[in-house]
Amino acid sequence: MELSASILIGKSKRMGRDKALLMLEDQTFIGHLIRELSVCSEVFIASSVDNDYSGYGLKVIRDENRDVGPLEGIRMSLLSASHDRVFICAYDLPFFNREVVFYLNRLIAPDEDVCVFRDNERVHPLCGIYSRQILPVVEKHIAEGRYRLMDLLREVRTKYISFQDSGLPEDILCNINTPEEYRALCDRLGINPDRQEET
């Protein structure tokens with residue numbers, strides 16, 4: 001698929017340890033995402049932290065503007081990608097499936113800049129396709145101190161896809177933020193939540 005994919009890694013403040021390295025059955029969260037995103041012709045990591053992800057064999061890019069949040073990760077991804085369109089994926093989606101990539105890639109039109117899901121509660125900006133054409137708008141927002149992703153989506157040509165109508169599994173966009181949520185996930189899967197991070 002002629003599409004780049006970027007895994008955005010944040011600071012995991014509420015978890016208290018790197019969510020990318022939490023175990024999901026036999027692999028880490030990030031290992032699971034790398035496998036599912038391998039349908040793209042390029043996969044790399046965009047990280048706002050200095051942790052070492054070299055063991056995964058992917059290019060790792062770091063934020064140039066600190067404390068901006070995901071908007072900076074999107075900027076760095078668009079700057080670094082080999083393709084004009086990049087699938088942006090948060091690092092804390094344990095049930096993410098490659099079918100999401102195929103689905104959104106089929107639906108985004110040539111004249112659209114962004115394609116993301118919307119459900120009954122909210123928009124999901126960290127699981128979608130972004131065009132390099134919006135890079136000047138992203139940089140403008142950062143220069144103005146406007147870091148909210150919804151502000152960006154309102155200013156560019158964004159297609160919102162109803163998640164309820166997609167037919168995809170209900171938990172595919174579920175993210176894990178706290179130790180309690182991780183423990184509940186482990187209980188659900190029947191694995192040991194006290195297993196240490198992969199080294």
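Any read-out appearing in this document is the output of simple, stated calculations on the displayed coordinates, not a laboratory observation. Just so you know, these numbers come straight off a predicted model, no measurement behind them. Don't worry about glycine lacking a Cβ; one is built from the backbone with ideal geometry, like all the others, and counts go over all protein chains shown.
Criterion applied to Leu104, Leu93 was being crowded, with 19+ Cβ neighbours inside 10 Å, more than 30 Å from Gly16 (Cα to Cα) and touching a residue at least 12 places away in the same chain (Cβ under 8 Å), and the one residue passing it is Leu104.
Can you name every one of the helices (runs of 4 or more DSSP H) wholly within the range 118-199 that holds 2 or more residues which are acidic (Asp, Glu)? Please lay out each step first, then the result.
On the way: elements: 135-143, 149-155, 179-189.
Result: 149-155, 179-189.
Cβ separations smaller than 6 Å between residues 6+ apart or across chains give the following pairs from the range 123-138 residues that are touching a residue at least 12 places away in the same chain (Cβ under 8 Å) and within 15 Å of Tyr103 (Cα to Cα) to residues that are assigned to a strand (DSSP E or B) and of a type in the set (Lys, Arg): Ile129/Arg85. Filtering Arg75, Arg118 for residues that are within 12 Å of Leu8 (Cβ to Cβ), surrounded by 15 or more Cβ atoms within 10 Å (Cβ to Cβ) and not aromatic (Phe, Trp, Tyr) leaves a single hit, Arg75. Look at Val86 and say whether it is of a type in the set (Val, Ile, Thr), surrounded by fewer than 21 Cβ atoms within 10 Å (Cβ to Cβ), assigned to a strand (DSSP E or B) and in contact with a Phe, Trp or Tyr (Cβ under 9 Å, 6 or more places away or on another chain). No.
When you go through Arg146, Arg157, Arg122 one by one, which is the residue that is within 17 Å of the chain's Cα centre (by Cα) and under 27 Å from Asp67 (Cα atoms)? Spell out how you get there, then give the answer.
Numbers: Arg146 fails: within 17 Å of the chain's Cα centre (by Cα); Arg157 fails: within 17 Å of the chain's Cα centre (by Cα).
Result: Arg122 is the single residue among Arg146, Arg157, Arg122 that is within 17 Å of the chain's Cα centre (by Cα) and under 27 Å from Asp67 (Cα atoms).
Among the residues making up the range 13-37, a single one is closer than 23 Å to Val86 by Cβ and without any contact (Cβ under 8 Å) to a residue 12 or more places away in the chain: Arg35.
Take the conditions of a type outside the set (S, T, N, Q) and surrounded by 15 or more Cβ atoms within 10 Å (Cβ to Cβ) and apply them to Glu64. Does it pass?
Working: of a type outside the set (S, T, N, Q): yes; surrounded by 15 or more Cβ atoms within 10 Å (Cβ to Cβ): no.
No: the conditions fail for Glu64.
Output the residue which, of all residues in the range 44-54 that are of a type outside the set (Asp, Glu) and over 14 Å from Gly73 (Cα atoms), is surrounded by the most Cβ atoms within 10 Å (Cβ to Cβ). First the steps, then the outcome.
Looking only at the range 44-54, we keep the residues that are of a type outside the set (Asp, Glu), and these are 44-49, 51, 53-54.
Among the residues that remain, those that are also over 14 Å from Gly73 (Cα atoms) are: 51, 53-54.
Values: Asn51: 13, Tyr53: 20, Ser54: 9.
Filtering the range 44-54 for residues that are of a type outside the set (Asp, Glu) and over 14 Å from Gly73 (Cα atoms), the one surrounded by the most Cβ atoms within 10 Å (Cβ to Cβ) comes out as Tyr53.
Residues of the range 172-196 being surrounded by fewer than 16 Cβ atoms within 10 Å (Cβ to Cβ) and touching a residue at least 60 places away in the same chain (Cβ under 8 Å), which ones? Hits for the range 172-196 are Cys174, Asn177, Thr178, Pro179, Leu189, Ile191, Arg195.
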